[in-house]
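Structure first, commentary second.
Throughout, read-outs are computed from the coordinates displayed, never taken from laboratory work. Everything numeric in this text was worked out from a predicted model, so none of it was measured. No Cβ is skipped: glycine too gets one built from the backbone with ideal geometry, and neighbour counts run over all protein chains shown.
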Amino acid sequence: MTNSKNVSDASCFARALGVSRETAAKFETYAVLLKQWQRAVQLVAPSTLESIWSRHFADSAQLWALAPPNVRTWTDLGSGAGFPGLVVALLACDAGSTAPDLRMTLIESDTRKAAFLREVARQTGCPVDILGTRIELASTRDKVGTVEVVSARALAPLTELFRLALPFWQSTTLGLFLKGRDAENEVQAARAAWNFELELKPSLTDPMARIVCVRDLSPRG
């Protein structure tokens, strides 16, 4: 994926991500639905509605390049409007994908947002599991089990994210968390309660943002 802060439409997105026209068309459908549903449900900040392609689609898509090869199981916490989980799931369906059999689970407790996710999945033919339930419930954990990748965007500080993610974690799990300018401060705060291996990667869409890549997560004590 090339630097994507200036992605403005489907053709730019297709070039930046190297995806097929068919996949780019699915993202066009996604964008149309998002703008339609936004009138009744605030899915994204209104100020970002005209920059969907860079602010939301490209920003989410950069996680796909960081996933393990042939990843099979991925859980997205607090998916909201589908960022980053639904974007990644659509990329996994692309003809050139290295992980076409990815099982993506989106967890979103807001019933209206979950309904939006189901409509986008239906109209784009994207095979995802959508759980309209709270992340921390035992029933949610039982349905999902442990996975290879856990992701989240704009959900909670890292200390809280780690608490939510831990039940889905196994020894080889990778956490991919999109964070803003406070990423390093959140990392330092999290170290008081958690053990983990960390790599901070620069965002391709925002020079102030970071992608927090986490392995070997365990609580201290």
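Comparing Cα centroids, segment 204-221 and segment 6-47 end up 26 angstrom apart. Counted over segment 27-147 with a bin width of 10 Å, the fraction of Cα pairs per bin, in whole percents, is 13, 47, 33, 7.
Rounded, prolate or oblate for segment 108-221? Axes are the square roots of the Cα gyration tensor eigenvalues, ordered a ≥ b ≥ c, and the cut-off for rounded is a/c under 1.5. Since a/c reaches 1.5 but b/c is at least a/b, the shape of segment 108-221 is classed as oblate. Beta bridges per DSSP, both residues in the chain: antiparallel share near 40 percent. Per residue, the chain reaches -9500 deg cm²/dmol at 222 nm when only DSSP H runs of four or more residues are counted, each adding -39500 (n - 2.57). Ordered by the number of other Cβ atoms lying within 10 Å of each residue's own Cβ, fewest first, Arg153, Arg215 fall into the sequence Arg215, Arg153. Charge dipole of the chain (Cα centre as origin; +1 on each Lys and Arg Cβ, -1 on each Asp and Glu Cβ, all else neutral): 220 debye, rounded to the nearest 20. The listed peptides 201-211, 158-168, ordered by packing as a protection proxy, come out as 158-168, 201-211 (highest mean of other Cβ atoms within 10 Å first). Here the gap between Gln38 and Asp182, fully extended at 0.36 nm per residue and compared with their Cα-Cα distance, gives a gain of 49.1 nm.
Taking label points 7 Å from Cα along the Cα-to-Cβ direction, Ala193 and Gln170 give a separation of 2.6 nm. Each peptide in 72-79, 113-120 was scored by the mean count of other Cβ atoms within 10 Å over its residues; highest first, the order is 72-79, 113-120. Reducing segment 120-190 and segment 52-115 to their Cα centroids gives an inter-centroid distance of 11 Å. Each Lys or Arg adds one and each Asp or Glu takes one away; over the other residues whose Cβ falls under 11 Å from the Cβ of Glu108, this sums to +2.
Within the shell of other residues whose beta carbon sits under 10 angstrom from the beta carbon of Asn70, the net charge comes to -1, with Lys and Arg scored +1 and Asp and Glu -1.
Listed peptides 82-91, 34-43, 176-185 appear in the order 82-91, 176-185, 34-43 once ranked by packing, highest mean of other Cβ atoms within 10 Å at the front. Here the Debye sum runs over all C-alpha atoms of segment 1-93 as equal scatterers in vacuum, and log10 of I(q)/I(0) at q = 0.17 Å⁻¹ comes out as -0.71.
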